[in-house]
Amino acid sequence: MGMTITEKIIAAHAGKERVFPGELVQVTVDVMLANDITAPLSIKELEKRGITTIPYPERIVLVADHNTPARDIPSAENVKLMREFAKKHGIPHFFEGGAVGIEHVLLPELGLVVPGDLVIGADSHTCTYGALGAFATGMGSTDLAASWVLGETWLRVPESLKFVLSGERRPFVTGKDLILFIIGEIGVDGARYCAMEFAGPVVSSLSMDERFTMTNMAIEAGAKNGIIAPDEKTLAYVRETGTSRPVRVFTSDPDAEWKNVFEIDVTSIEPQVAFPHLPSNTRSVYGIPKIEIDQVVIGSCTNGRIEDLRMAAAVLRGRKVHPKVRLLIFPGSPKVLRQAEEEGLIRVFLEAGGVIAPPSCGPCLGGHLGVLASFERCAATTNRNFIGRMGHETSEVYLVNPYVAASSAVAGYITAPDKL
Amino acid sequence: MIRGKAVVFGDNVDTDVIIPARYLTSTDPKELARHCMEGLDPQFPERVTPGATILVAGKNFGCGSSREHAPLAIKGCGVVAVIAASFARIFFRNAINIGLPILESEEAASRIREGDMVSIDLATGEIRNETTGEVFQAQAFPPFLQEIIAAGGLMNLVEKRVKANS
């Protein structure tokens, strides 16, 4: 019996020939990530216990992307705590100010994560890095604190689910729509504790940016990780980062064991809208009633990359945002922002009446920079639409792709570009 | 043996309703507790009798973000244990790591009603509904997890290991 990519990466980091689903293993960790919400808990836990041994500072990445630029005094204190911890322990990868981007946009771009890595992050969307052919999973602050001290963590080897995507994509159907469709099919716990491996000709045809969008939302189906086998596109992307980290390409064996295989013909999939209050409440944008909106958010670790901004700009070029709608755009990183500026996308957004916000998580999680008032509605390219996610508990979030977000900003209600 | 009155919720209780992100600048369990479950029931902290309340929920409890503030807020309220039909995996790890007792039992989750008096034997995983007399068996944890639980959380084990090596 062969192994899946996920099993191979875990086995390689457990020092074993092979591992089996359900097995508990101790693994070495290549990258250990935390942000300005989760790192303070880890740091305080270590300091409370007087633990000062941090043997692998170069493997730690600290990104102040959630409540930045500092929302209030407690947020500023949290970043200060990270900054001082990084300095004290010689942690080279601490990002704030002009260096900061959304962690899951930033790390791949900088070549801090490469194929074959085992990554843990105190952020649930750490699963994003699976698009590089890495095993990456979210954990909490205590698990991260322990890994900073030990350089390792424990894992339960997940069962793997395979999603084979074939057929022809319709206009305005993106990686976002494919993953929303899948979550709609299997539910928010449909992949609980499992690995989701995406494969097939449609996945091969996706750009890296769209692949990141897909693996990013694996957690929204309850998965431990999402993963895509590295191919030429992956390796070209990694080369471009100029990283010196060793790349290890793993692929699933033909006789690997799958808990379930889903064959999906994407030909009939239309752009998706996930209605409140679960990412699995998906419907085709063409079959929904008129839902008027107050705000549109384009950005996040799901859709804050350059291609996402290109999609939005393609719709907004020469158009104006509806007067009652606030359009907020969050480029995912300084690089994305610079590139958008060079390509003239920023000008398109400004002329349409959009707000350009700093590279950060923004209002996605309802804390900062564009939260919603009572009964307001938002069409967002983000990843969660739980009750109160973006602000007041009576507000509503509809999850969409960047094309639909942009066309909805123009129309004032949720719609696709071909209906404008 | 722990004992408490059941407070019952449904399926897919996510971390955004357990503790909304706008409160995450604090790491103080008491402060977090004031806003626990605010998204579903702003009066929740008043429904809890500290040291004598057991939270019971459906499937996929704690789905969403990795914020450890979620189990900290629940523990900070004085909830003594969470019984659910199933847990989202990050919440599961976090609860064990910070020493919040959790038990997985589909049957118990579907049969226990609001206000029922429930007792739990953490050593055996036996859940007893004293109000109805029903008895349920929670899924057993693997020995490695039991070791973390017995130590009172992951960092107690880590600290021991670090200090033994120094």
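Each reported figure results from applying straightforward, stated rules to the coordinates on display, with no laboratory input. Everything quoted here is computed from the prediction, not taken from an experiment. Counting neighbours? That spans all protein chains shown, and the Cβs are built from the backbone with ideal geometry, glycine included.
The length gained on full extension between residue A:261 and residue A:356, counted as 0.36 nm times the residue separation minus their Cα-Cα distance, comes to 30.0 nm.
Note on residue B:139 and residue A:310: their simple-model spin labels are 4.3 nm apart, each label 7 Å out from Cα toward Cβ. Note on the protein assembly as shown: dipole from Cβ charges, positive end direction compared against A:42, B:45, B:137; the farthest Cα belongs to A:42. Annotation: the antiparallel percentage among DSSP beta bridges lying fully within the range B:40-112 is about 0. Direction-averaged projected area, Cα convex hull, chain A: 18.9 nm², rounded to one decimal. Under a 5 Å amide H cut-off, with hydrogens placed 1.01 Å from N, residue A:282 pairs with A:275 among residues at least 5 apart or on other chains. Scaling against 2.2 N^0.38 Å puts the C-alpha radius of gyration of the range A:246-346 at 1.47.
DSSP bridge analysis restricted to chain A gives an antiparallel fraction near 20%, rounded to the nearest 5. Let me check I've understood the local charge: for residue A:67, count other residues with C-beta under 11 angstrom from its C-beta, Lys and Arg +1, Asp and Glu -1. What total comes out? Around residue A:67, the charge tally is -2. Along the axis of the charge dipole computed for chain A (Cβ charges of +1 for Lys and Arg, -1 for Asp and Glu, origin at the Cα centre), the listed residues A:260, A:2, A:70 are led at the positive end by A:70. For the range A:262-420, the antiparallel share of DSSP beta bridges with both residues in that region comes to about 25%. Here the 3J(HN,Hα) profile of the range B:140-147, calculated from phi with Karplus coefficients 6.51, -1.76 and 1.60 at θ = phi - 60°, is 6, 8, x, x, 4, 5, 4, 5 Hz, Gly and Pro shown as x. Estimated translational diffusion coefficient (Stokes-Einstein, Kirkwood radius over Cα pairs, 20 °C, 1.002 mPa s) of the range B:7-166: 134 µm² per second. Our helix-only sum for chain A, with -39,500 (n - 2.57) per DSSP H run of n ≥ 4 divided by its residues, gives a mean residue ellipticity at 222 nm of -9000 deg cm²/dmol. Which percent of Cα-Cα pairs in the range A:194-296 sits in each 5 Å bin, short to long? Result, from short to long distances: 2, 8, 15, 20, 19, 13, 10, 7, 3, 2, 0 percent. For the range A:375-380, 3J(HN,Hα) computed residue by residue from phi via the Karplus equation (6.51, -1.76, 1.60; θ = phi - 60°) reads 6, 7, 10, 9, 9, 9 Hz, glycine and proline entered as x.
Basic side chains Lys and Arg get +1 at the Cβ, acidic Asp and Glu get -1 at the Cβ, and with that the dipole of the range A:204-250 about its Cα centre reaches some 260 debye. For the peptides B:119-131, A:153-165, A:326-338, A:77-89, residues were scored by their other Cβ atoms within 10 Å and the scores averaged per peptide; the highest-first order is A:326-338, A:153-165, A:77-89, B:119-131.
Each of A:121, A:380, B:26 was scored by the projection of its Cα onto the charge dipole of the protein assembly as shown, and the greatest displacement toward the positive side belongs to B:26; charges sit on the C-beta of Lys, Arg, Asp and Glu. Backbone geometry of the range A:54-71 corresponds, through the Karplus equation with coefficients 6.51, -1.76 and 1.60 at θ = phi - 60°, to 3J(HN,Hα) couplings of 10, x, 10, x, 6, 8, 8, 10, 10, 10, 8, 10, 7, 10, 10, x, 2, 6 Hz, x marking Gly and Pro.
For the range B:81-138, taking the reciprocal of the average inverse distance between every pair of different Cα atoms yields a Kirkwood hydrodynamic radius of 11.7 Å. Each semi-axis of the equivalent ellipsoid for the range A:276-420 is √(5λ) with λ an eigenvalue of the Cα gyration tensor; in descending order they amount to 22, 17, 13 Å.
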